[in-house]
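Trainee: Sharing a structure, written as structure tokens. Questions coming.
Only the coordinates and a few stated rules stand behind these numbers; no lab work does. None of the values given here were measured: they were computed from a predicted structure. Note: ideal-geometry Cβ built from the backbone for every residue, glycine included; neighbour counts use all protein chains shown.
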Amino acid sequence: MGEVVQFKRKSLADKHKGKSLCRSGFHKWKIKQEKQFDVKTGKLVTLYICARCGKEKVELL
């Protein structure tokens, strides 16, 4: 038999770090994909994703 490895659980502070900011509407937006063309509207689209919670938003140019 092999060794039994104990895994360390995340503390509550580490588990919920940064979520209160996102819940209040202060997301940390990063560009996921820049200048993608949307055929239906005929415009360029930029996709953003929040670095903390993973929420996505789309911005038309």
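Trainee: Considering segment 17-61 alone, what residues qualify as being part of a loop (DSSP other than H, G, I, E, B) and loosely packed, with under 11 Cβ neighbours inside 10 Å? Lay out the reasoning, then the answer.
Mentor: Let us first name the residues in segment 17-61 that are part of a loop (DSSP other than H, G, I, E, B), namely 17-18, 24-28, 39-42, 51-55, 61.
Hits for segment 17-61 are Ser24, Gly25, Val39, Lys40, Thr41, Gly42, Gly54, Leu61.
Trainee: Being among the small types (Gly, Ala, Ser) and within 20 Å of Cys50 (Cβ to Cβ) is the filter; apply it to segment 1-38 and report the residue that is farthest from the chain's Cα centre (by Cα).
Mentor: Kept after step one, since they are among the small types (Gly, Ala, Ser), are these residues of segment 1-38: 2, 11, 13, 18, 20, 24-25.
If we keep only those that are within 20 Å of Cys50 (Cβ to Cβ) too, we end up with 13, 18, 20, 24-25.
On the way: Ala13: 19, Gly18: 11, Ser20: 14, Ser24: 15, Gly25: 13 Å.
Once the filter is applied, the top-ranked residue is Ala13.
Trainee: Out of all the residues in segment 47-61, which are more than 11 Å from the chain's Cα centre (by Cα) and within 12 Å of Gln33 (Cβ to Cβ)? So that I can check it myself, show each step before the final result.
Mentor: First pass over segment 47-61, keeping only residues more than 11 Å from the chain's Cα centre (by Cα): 47, 58-61.
Correct list: Leu47, Val58, Glu59.
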